[in-house]
Amino acid sequence: MKMMKFVNKIDPVFKKFLSKIDPVFKKFLSKLLFLKTIPFYKLLILVVGCASVGVFLAFNLLTSIPEKPEWKNYLQKADRLYQEGKLKEAKKMYLEFKRMFPSNPRINWVNFQLANILKNSGFIHRATFFYEKAATPDFSYYFEAKYNLAQCYQEAGEPDKALKIATKIIREFPENEKLSGVYLILANSLLEQSKKKEAISIYQKIIKEYPSEHTAGEAYLKMGDIYFEEKRYSEAILFYSSLIKEYPENQLQEKAFFNLARCYLAQNEQDKALSMLFLLSEKFPHSDLFIKGLFLAGKVFLEKEEYEKAREIFERISKIYPEQSPAAVEVKKKLAEVYLAEGNLSRAIAIYEKIIQKYPYHQDGEKIYFTLASVYLTTGEYDKAIQVFQKFIHYFPLSFKLSSAYLNLARAYFNKKLYFKAIEAFNQVMQHSSSREEIDIALSGIAEIYMKVGLWNEAIECLKQKLSLADQEKKETLPIKIKLINCYLKKKDLSSAKELLLPLIKNFPKEKALEFLEIGDLLYSAGEKEIACSIYQKVAKFILPEDKRGLYILFKMADFQKDEGRINSAINIYHRILKLTEKNSLKKLPVREKTLSRLADFYYSTQKYQKACGLYLKVLEEYPESKDLDWYLYQTGNCYRHLESYGKAKKFYLTLKEKFPQSLWTKISEVML
């Protein structure tokens with residue numbers, strides 16, 4: 001009843017609403033008026049039932065619409081990040097995907113993408129792990145996974161595995177469009193296994209069967225590299241040139257130009273090498289090889305001794321590199337080498353000092369320290385040379401140049417007259433060096449020092465060691481024996497000196513004549529005048545008489561003849577010397593003065609006063625500043641006195657007294673006056 005009242009109450013309003021809506025719905029809504037005739041409890045049951053059916057149908061409708069699974073959304077987001085180049089974020093999501101959905105059917109794709117990310121990031125070994133997991137036969141990118149896996153193994157230095165996989169790919173995919181790349185991996189792996197012949201065969205196959213592929217260009221380059229390493233430069237040039245000609249747009253051209261230059265340099269065709277380097281710099285100005293090419297060009301100019309061009313190139317490179325970069329140091333070193341070659345030692349020193357100051361522990365410090373110290377030694381800056389060589393020895397105790405450093409340190413000490421420190425350094429040379437030549441130089445240095453300070457026994461011991469080494473190596477022993485003879489003579493050990501000397505006198509070479517002349521003088525001073533004279537006669541065969549040394553030999557021989565009582569022979573030689581020295585250029589030679597004096601004294605002693613007087617007057621005229629002037633004045637006065645020309649005699653005695661009042665001859669002449 002209540003329901004009926006409610007319906008009757010709203011009926012006018014409902015009818016008014018119906019009059020305002022679309023006629024299409026009027027008919028449908030009017031049918032709802034039949035509810036007036038239904039009892040309330042039946043109407044309630046009907047409403048509840050309809051609501052339940054509606055809820056059931058709505059639930060089934062909603063659940064029947066397919067919802068996109070969560071893993072697909074996740075994978076799409078990871079792929080999108082990969083495509084945008086956000087590899088770090090993509091990698092994180094792929095790894096999270098593997099953790100969340102380990103059994104997902106797209107897991108191979110995830111492994112493949114992870115491998116690609118690691119490969120592109122340089123983690124080759126880790127990439128192989130994921131490629132191995134991805135490369136299953138049911139995977140749609142099976143070929144790519146296998147191909148990339150082979151590449152990774154090759155780059156990781158595992159050619160055996162790369163070779164095995166590449167061979168399998170070729171067998172399974174004989175018609176694949178990317179097969180040329182697989183052949184390249186195969187050839188490269190064979191090359192890494194030193195199977196050059198097999199590798200060359202594969203490279204030739206690539207060039208022949210895949211000429212339009214980029215791999216053919218790489219095959220040309222590899223063939224050129226093989227022949228370059230084998231020093232078959234003409235064949236290497238052929239392949240590098242073919243790459244440049246056949247593939248003008250291939251980026252591998254830069255390597256081809258660079259290696260062509262190296263080939264031409266190896267063949268000493270420097271101009272061709274330079275042309276290749278200039279082409280490289282023009283065509284690839286932003287290439288990593290551009291600077292290397294310039295650097296190589298600078299080295300070529302340096303070797304060609306075109307120092308100005310070399311300097312210009314190295315200065316250009318130095319402006320490209322930052323001041324603190326290791327490459328800048330390399331360029332500065334080359335600049336220093338240019339300055340050294342030009343003889344501009346101060347500029348070279350300045351560069352080396354700057355390098356050492358900024359990079360005291362540079363990887364090439366060994367070479368820089370050694371070179372700088374050597375330049376100091378050359379320029380006579382011995383204190384600096386000593387200081388830097390000492391640092392070299394301290395910093396680089398295992399250097400193969402250690403013995404050379406000690407050798408140069410000894411030379412610096414020697415030039416500073418620090419002889420015993422020099423001996424210590426020379427001894428270090430013999431301790432550290434395996435070079436017979438360096439040991440020989442060290443022994444010579446020690447012997448020279450001992451001879452200089454008069455330690456003859458020590459000098460003799462060193463020279464005996466040198467003689468023993470020379471005998472073992474069948475080297476010339478004459479220079480060592482000459483020094484030994486000198487030492488024995490200085491030590492007054494005539495018997496040992498003669499034992500060594502006598503076999504040598506008969507036949508000594510022209511280039512040793514002056515050294516034998518010195519030995520002759522020592523023997524002459526030691527009273528062995530006959531042996532000395534025989535040496536003089538042999539030396540005279542090699543020296544022109546008018547030569548200063550030849551005149552000296554004649555004078556010695558004349559003295560020997562005089563001492564032996566062969567007066568006429570001596571006089572003849574003395575007159576010969578005077579005749580040879582009549583030229584103005586020779587008149588001031590000491591040997592002429594001595595000869596005039598000897599002859600004058602001889603004639604005076606034999607009472608030939610007229611001849612003696614003439615010679616004394618001649619020597620007074622030619623040598624007015626002689627240290628023996630007092631003797632000549634005294635003897636001239638004596639000659640005039642014996643010739644009874646007392647006035648002239650008095651004149652010379654007075655001149656003697658005036659010029660040399662303290663002379664012994666002045667005091668004797670006073671008696672004559």
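The values are calculated or read from the model by the stated rules, or taken from the named source; none is laboratory data. Given the structure is predicted, the values throughout are model-derived calculations rather than measurements. For neighbour counting, all protein chains shown are included, and Cβ atoms are generated from backbone atoms with ideal geometry for every residue, glycine included. Accessible surface areas use protein heavy atoms only, side chains included; no ligands, DNA or RNA. Shrake-Rupley method; radii C 1.70, N 1.55, O 1.52, S 1.80 Å.
Points worth noting:
- Some residue of region 552-565 being among the small types (Gly, Ala, Ser), in a loop (DSSP other than H, G, I, E, B) and closer than 27 Å to residue 638 by Cα: yes
- Residue check for residue 464: open to solvent by 10 Å² or more (accessible area, probe 1.4 Å), in a helix (DSSP H, G or I) and under 29 Å from residue 427 (Cβ atoms): yes
- Single match in 519, 531 (criterion: within 49 Å of the chain's Cα centre (by Cα), hydrophobic (A, V, I, L, M, F, W, C) and at pLDDT 75 or above): 519
- Hey, residue 507 loosely packed, with under 14 Cβ neighbours inside 10 Å and within 30 Å of residue 605 (Cα to Cα) or not: no
- Qualifying helices (runs of 4 or more DSSP H) (wholly inside region 180-269; at least 3 residues being under 21 Å from residue 147 (Cα atoms) and at pLDDT 90 or above): 196-209, 214-229
- Residue match in region 633-650 (condition: assigned to a helix (DSSP H, G or I), open to solvent by less than 20 Å² (accessible area, probe 1.4 Å) and small (Gly, Ala, Ser)): yes
- Total residues in region 381-398, condition within 21 Å of the chain's Cα centre (by Cα) and not in a helix (DSSP H, G or I): 3
- Test: residue in region 126-149 that is on the phi > 0 side of the Ramachandran plot, in a loop (DSSP other than H, G, I, E, B) and either surrounded by 17 or more Cβ atoms within 10 Å (Cβ to Cβ) or not hydrophobic (A, V, I, L, M, F, W, C) (or both): no
- Residue among 620, 629, 599 that alone is at pLDDT 85 or above, aliphatic (A, V, I, L, M) and surrounded by 19 or more Cβ atoms within 10 Å (Cβ to Cβ): 599
- Screening 559, 563 for residues that are open to solvent by less than 20 Å² (accessible area, probe 1.4 Å) and out of contact with any strand residue (DSSP E or B) (no Cβ under 6 Å at 6 or more places or on another chain) leaves exactly one candidate, 559.
- Output for region 355-380, where each listed residue is of a type in the set (Gly, Ala, Ser) and not in a helix (DSSP H, G or I): 380
- Scanning region 429-438 for residues that are open to solvent by less than 80 Å² (accessible area, probe 1.4 Å) and either touching a residue at least 24 places away in the same chain (Cβ under 8 Å) or not in a helix (DSSP H, G or I) (or both) turns up 429, 433, 435, 438.
- Test: residue in region 93-100 that is touching a Lys or Arg at 6+ places or on another chain (Cβ under 8 Å), within 20 Å of residue 152 (Cβ to Cβ) and surrounded by 14 or more Cβ atoms within 10 Å (Cβ to Cβ): no
- Here residue 376 does not qualify as open to solvent by 50 Å² or more (accessible area, probe 1.4 Å), among the aromatic types (Phe, Trp, Tyr) and farther than 23 Å from residue 282 by Cα.
- Residue match in region 332-339 (condition: open to solvent by 80 Å² or more (accessible area, probe 1.4 Å) and either under 20 Å from the mean Cα position of the chain (by Cα) or closer than 25 Å to residue 223 by Cβ (or both)): no
- Hey, residue 548 surrounded by 17 or more Cβ atoms within 10 Å (Cβ to Cβ), within 60 Å of the chain's Cα centre (by Cα), within 30 Å of residue 509 (Cβ to Cβ) and not small (Gly, Ala, Ser) or not: no
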